[in-house]
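S.K.: I have a structure I would like to understand better, so I am pasting it below and will then ask my questions one at a time.
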Amino acid sequence: MTDASLNGAEEPRRRGSIHEIDARTRKRNAREARFKGYGIGAILVGLFFLVVLAVSIVSSGLPAFTKTVVKVEFTMSQEQYDEAESTLFKTAAYSDIFIAQLRDTMEEEGVEVAFDEGSIERLLGKVGGTLREFYTANEDQLGQPVTFQLPASSRVDGYFNGRVTREGLTESRFLELTDLDLVDALADAGVITQAFNWTFLTGSDSGVDNPGGAGIGVSVVGSFFMMLVVLVLALPIGVAASIYLEEFAPQNKFTDLIEVNISNLAAVPSIVFGILGLAVFIQFMHLPQSAPLVGGLVLTLMTLPTIIISTRASLKSVPPSIRDAALGVGASKMQSVFHHVLPLAMPGILTGTIIGLAQALGETAPLLLIGMVGFVARDYPDGFVGGFTEANSAMPAQIYTWAARADASFYEKAWGGIIVLLVFLLLMNVIAILLRRKFERRW
Amino acid sequence: MYDAPLRKTDVETKNTKIVAQDVNVYYGDTHAIKDVSVDLLDKTVTAFIGPSGCGKSTFLRCLNRMNDTIDICRVEGKISLDGEDIYDKRVDPVQLRAKVGMVFQKPNPFPKSIYDNVAYGPKIHGLAKNKADLDDIVEKALRRGAIWDEVKDRLHAPGTGLSGGQQQRLCIARAVATEPEVLLMDEPCSALDPIATGQVEELIDELRGQYSVIIVTHSMQQAARVSQKTAFFHLGNLVEYGDTSQIFTNPEDSRTESYITGRIG
């Protein structure tokens with residue numbers, strides 16, 4: 001008994017040529033086309049914002065990688081040195097000598113702009129101190145020409161980057177209009193130039209009044225040691241927990257409860273883990289404050305659910321026939337898991353781990369709570385152990401610290417820091433893809 | 001080959017290998033196997049036939065305790081191999097499975113080389129003393145699996161790269177490599193074409209000389225071609241068990257006759 005006979009429909013339902021599209025088909029096709037349109041639209045909107053983001057990051061962040069330097073060839077004779085050292089205000093004496101020499105240089109170059117000690121200080125900062133530091137440390141350089149690359153002040157830097165303009169310049173103690181004439185003249189003479197800012201890549205956070213000396217290098221090291229802690233703890237714990245839950249644990253209320261809670265943990269806001277770390281690791285266990293070790297422990301707690309969920313998913317995706325095959329030839333449960341299931345699940349596990357690590361690398365909130373803020377470290381840690389226990393910052397926390405500072409130069413540094421952070425994330429993703437390729441197998 | 005006459009064999013002289021007594025299997029609340037008692041003979045091919053869902057695969061998987069891997073599965077009754085209860089507390093299923101090998105419905109070679117596929121079992125059971133020994137075992141198993149000539153030049157090619165029929169024979173070679181006493185085959189030819197099926201059936205007939213082979217099949221012709229004993233399952237009951245020739249020519253139970261003639265199933 002078929003539907004057709006029930007309806008009493010004797011004649012064929014469809015008539016006409018298949019070369020003519022009927023109304024129903026046309027309607028269906030239109031619906032499909034509309035849906036495709038929505039999809040393409042969604043992707044275009046996403047791409048648009050991605051491009052806007054990338055352009056704004058790069059355009060705001062690139063100035064952080066250059067710095068404005070004043071290149072001055074300078075000779076100091078033994079007599080000048082002795083004389084300066086004998087005066088009461090030693091650095092002022094050095095400053096005077098420097099100004100005198102700079103004036104000579106400018107005369108040679110044919111630059112004629114008036115300037116005084118005040119403008120030198122506004123442009124270069126404490127020149128006298130820098131010179132004195134150099135010559136007291138290297139007395140053998142006396143009497144010989146030395147080329148100094150003195151960092152210009154953040155305002156001059158801003159003038160070159162377009163952040164400071166003549167029109168927008170108001171009377172301030174930081175920079176005057178006449179100073180800009182001097183800057184222009186020196187730039188024309190090739191005395192002031194732009195150079196790559198190695199300090200930004202290798203240095204540590206600087207004081208609030210010295211954005212030129214700020215660098216992200218030390219906090220990169222902090223992040224590195226944190227990631228090491230996360231990798232060493234979260235990967236084995238996470239994988240072991242997933243293997244047990246997925247392959248060995250009996251299905252009962254208790255394991256269901258654990259499963260639900262792991263999923264819930266993945267959704268817990270990171271700041272909660274931060275305050276947990278503060279209470280448990282620092283206040284209760286008395287681990288050193290601001291240490292990458294503690295940061296790593298906190299981030300391990302945060303990353304574990306991610307790793308467990310992705311590992312379980314990749315274990316689940318291994319076909320059961322492989323397990324049957326192994327058990328069928330008399331392998332034990334553990335042999336079947338470690339010899340056959342785990343190798344097949346490897347690419348998924350590694351991808352999940354690296355995604356978890358990348359997430360941890362970009363996490364800021366919990367680090368602020370355990371004191372890993374920007375300004376706590378001025379130097380690279382001492383040795384391998386020091387890397388874990390000495391107070392340090394991490395990249396995102398450093399970026400946050402810079403972004404909160406008043407000087408617009410630090411804002412630039414924050415964007416630059418984001419570029420560095422993104423480069424590291426990109427690298428991790430590339431590693432994830434390469435590992436996936438390497439371990440992927442057909443079955 | 002397909003019209004081969006039913007074999008007349010003197011099954012009465014063979015020893016009993018596996019004895020099942022009042023076996024009941026439950027999946028949760030589902031009663032999958034009901035009071036099955038059967039004596040399976042050594043050096044004999046026994047076929048389990050019956051419509052889908054009748055419990056023949058379930059019963060087969062009870063014989064090497066593969067059902068242990070299913071949490072909700074519960075087995076009652078007694079199954080003994082050479083007089084020893086296989087559901088005894090002292091039995092490690094791993095040791096049991098080394099004695100009772102299994103070939104599955106879908107060819108499932110490991111995603112490793114042909115050599116490693118066969119060598120895996122002997123390796124984990126410590127059957128080979130050295131590399132040369134292992135090489136011998138692998139060659140012998142592949143020869144017994146009737147696939148040696150096809151793969152001897154590419155032992156280190158992936159096992160998954162073989163054709164379906166070759167993969168299934170590789171799986172049989174893998175199963176015999178551990179020197180089992182009983183070989184369970186769960187619809188080994190359902191994924192194979194007639195030519196590969198013919199090769200596997202020939203192979204089963206050769207294996208009979210050394211093993212007790214128990215094969216689940218949906219093909220009545222296959223049961224008639226390869227087996228000496230046949231058991232017909234229906235709705236979890238063992239309806240009839242006897243010589244294949246008798247089951248197919250003169251069944252005692254009306255349900256068996258209906259199934260064989262195509263009226264139920």
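S.K.: Please count how many residues of the stretch A:331-363 are within 16 Å of the chain's Cα centre (by Cα) and free of Cβ contacts under 8 Å to residues at least 60 places away in the same chain. Break it down stepwise before answering.
M.R.: Step one: filter the stretch A:331-363 for residues within 16 Å of the chain's Cα centre (by Cα), giving A:354-363.
Cutting the leftovers down to free of Cβ contacts under 8 Å to residues at least 60 places away in the same chain gives us A:359.
Residues meeting the conditions: 1.
S.K.: Which residues, taken from the stretch B:49-65, are touching a Lys or Arg at 6+ places or on another chain (Cβ under 8 Å) and among the aliphatic types (A, V, I, L, M)?
M.R.: B:Ile49
S.K.: Hey, can you tell me all the residues within the stretch A:195-212 that are in contact (Cβ under 8 Å) with a residue 40 or more places away in the chain and buried (at least 17 other Cβ atoms within 10 Å of the Cβ)?
M.R.: Those that are in contact (Cβ under 8 Å) with a residue 40 or more places away in the chain and buried (at least 17 other Cβ atoms within 10 Å of the Cβ): A:Asn197, A:Thr199, A:Phe200, A:Ser204, A:Asp205, A:Pro211, A:Gly212.
S.K.: Please determine, by comparing only the residues of the stretch A:405-443 that are within 14 Å of chain B (Cβ to nearest Cβ) and more than 21 Å from A:Leu231 (Cα to Cα), which one is modelled with the highest pLDDT.
M.R.: First, the residues of the stretch A:405-443 that are within 14 Å of chain B (Cβ to nearest Cβ): A:439-443.
Retained after the next criterion (residues that are more than 21 Å from A:Leu231 (Cα to Cα)): A:440-443.
Details: A:Glu440: 75, A:Arg441: 63, A:Arg442: 53, A:Trp443: 46.
My answer is A:Glu440.
S.K.: Moving on. Quick check, is A:Leu327 farther than 19 Å from A:Ala240 by Cα and in a helix (DSSP H, G or I)?
M.R.: Values: farther than 19 Å from A:Ala240 by Cα: yes; in a helix (DSSP H, G or I): yes.
For A:Leu327, the condition - farther than 19 Å from A:Ala240 by Cα and in a helix (DSSP H, G or I) - is met.
S.K.: Run B:Val138 past the list (1) among the aliphatic types (A, V, I, L, M); (2) under 14 Å from B:Gly101 (Cα atoms); (3) within 14 Å of chain A (Cβ to nearest Cβ) and report the number of the one that doesn't hold.
M.R.: (2)
S.K.: Could you grab me the full set of residues in the stretch A:228-249 that are over 27 Å from the mean Cα position of the chain (by Cα), assigned to a helix (DSSP H, G or I) and more than 11 Å from A:Ile307 (Cα to Cα)?
M.R.: The answer is A:Ile243, A:Tyr244, A:Leu245, A:Glu246, A:Glu247, A:Phe248.
S.K.: So which residues in the stretch B:141-168 are in contact (Cβ under 8 Å) with a residue 40 or more places away in the chain and within 14 Å of chain A (Cβ to nearest Cβ)?
M.R.: Listed by number, the residues that qualify are B:Gly145, B:Ala157, B:Pro158, B:Gly159, B:Thr160, B:Leu162, B:Gly164, B:Gln167, B:Gln168.
S.K.: Just to be sure before I move on: is A:Leu47 modelled with pLDDT of 90 or more and either not in a helix (DSSP H, G or I) or not hydroxyl-bearing (Ser, Thr, Tyr) (or both) in the structure I sent?
M.R.: Details: modelled with pLDDT of 90 or more: yes; either not in a helix (DSSP H, G or I) or not hydroxyl-bearing (Ser, Thr, Tyr) (or both): yes.
Yes.
S.K.: So, one more: Of all residues being more than 7 Å from chain B (Cβ to nearest Cβ) and buried (at least 16 other Cβ atoms within 10 Å of the Cβ) in the stretch A:310-330, which is farthest from the chain's Cα centre (by Cα)? Just the residue, please.
M.R.: Going residue by residue through the stretch A:310-330, those that are more than 7 Å from chain B (Cβ to nearest Cβ) are A:310-320, A:323, A:326.
Within this subset, residues satisfying the condition of being buried (at least 16 other Cβ atoms within 10 Å of the Cβ) are A:310-312, A:314-315, A:318, A:323, A:326.
On the way: A:Ser310: 24, A:Thr311: 26, A:Arg312: 29, A:Ser314: 29, A:Leu315: 32, A:Val318: 35, A:Arg323: 42, A:Ala326: 45 Å.
Looking at the filtered set, the residue picked out is A:Ala326.
S.K.: Consider B:Ser57 against the criteria (1) over 21 Å from B:Ala20 (Cβ atoms); (2) outside any loop (DSSP other than H, G, I, E, B): it satisfies all of them except one. Which criterion is unmet?
M.R.: In the conditions (1) over 21 Å from B:Ala20 (Cβ atoms); (2) outside any loop (DSSP other than H, G, I, E, B), B:Ser57 misses (1) alone.
S.K.: So, one more: Has the stretch B:121-129 got at least one residue that is within 12 Å of another protein chain (Cβ to nearest Cβ) and either assigned to a loop (DSSP other than H, G, I, E, B) or exposed (fewer than 14 other Cβ atoms within 10 Å of the Cβ) (or both)? Step through it out loud before you land on a result.
M.R.: Our first condition is that a residue be within 12 Å of another protein chain (Cβ to nearest Cβ); within the stretch B:121-129, this holds for B:121-127.
Among the residues that remain, those that are also either assigned to a loop (DSSP other than H, G, I, E, B) or exposed (fewer than 14 other Cβ atoms within 10 Å of the Cβ) (or both) are: B:126-127.
Yes, the stretch B:121-129 contains at least one residue that is within 12 Å of another protein chain (Cβ to nearest Cβ) and either assigned to a loop (DSSP other than H, G, I, E, B) or exposed (fewer than 14 other Cβ atoms within 10 Å of the Cβ) (or both).
S.K.: How many of the residues in the stretch B:140-153 are within 15 Å of B:Ala119 (Cβ to Cβ) and surrounded by fewer than 16 Cβ atoms within 10 Å (Cβ to Cβ)?
M.R.: Initial filter on the stretch B:140-153 (within 15 Å of B:Ala119 (Cβ to Cβ)): B:140-145, B:147-148, B:151-152.
Now narrow it down to the ones that are surrounded by fewer than 16 Cβ atoms within 10 Å (Cβ to Cβ): B:143, B:152.
Qualifying residue count, the stretch B:140-153: 2.
S.K.: Further, regarding this structure: Find all pairs meeting these conditions: Cβ atoms under 9 angstrom apart; at least six residues apart or on different chains; first residue within the stretch B:54-82 and within 14 Å of chain A (Cβ to nearest Cβ) and within 29 Å of A:Glu246 (Cβ to Cβ); second residue of a type in the set (Phe, Trp, Tyr) and surrounded by 20 or more Cβ atoms within 10 Å (Cβ to Cβ).
M.R.: Correct list of pairs: B:Ser57/B:Phe48; B:Leu60/B:Phe48.
S.K.: Within the stretch B:130-171, work out how many residues are outside any helix (DSSP H, G or I) and under 23 Å from A:Ser332 (Cα atoms). Lay out the reasoning, then the answer.
M.R.: Initial filter on the stretch B:130-171 (outside any helix (DSSP H, G or I)): B:130, B:145-147, B:152-158, B:162-163.
Still in the running and under 23 Å from A:Ser332 (Cα atoms): B:130.
Number of matching residues: 1.
The values are calculated or read from the model by the stated rules, or taken from the named source; none is laboratory data. Remember, it's a predicted structure, so these values are computed and weren't measured experimentally. Cβ atoms come from the backbone with ideal geometry, glycine included; neighbour counts cover every protein chain shown.
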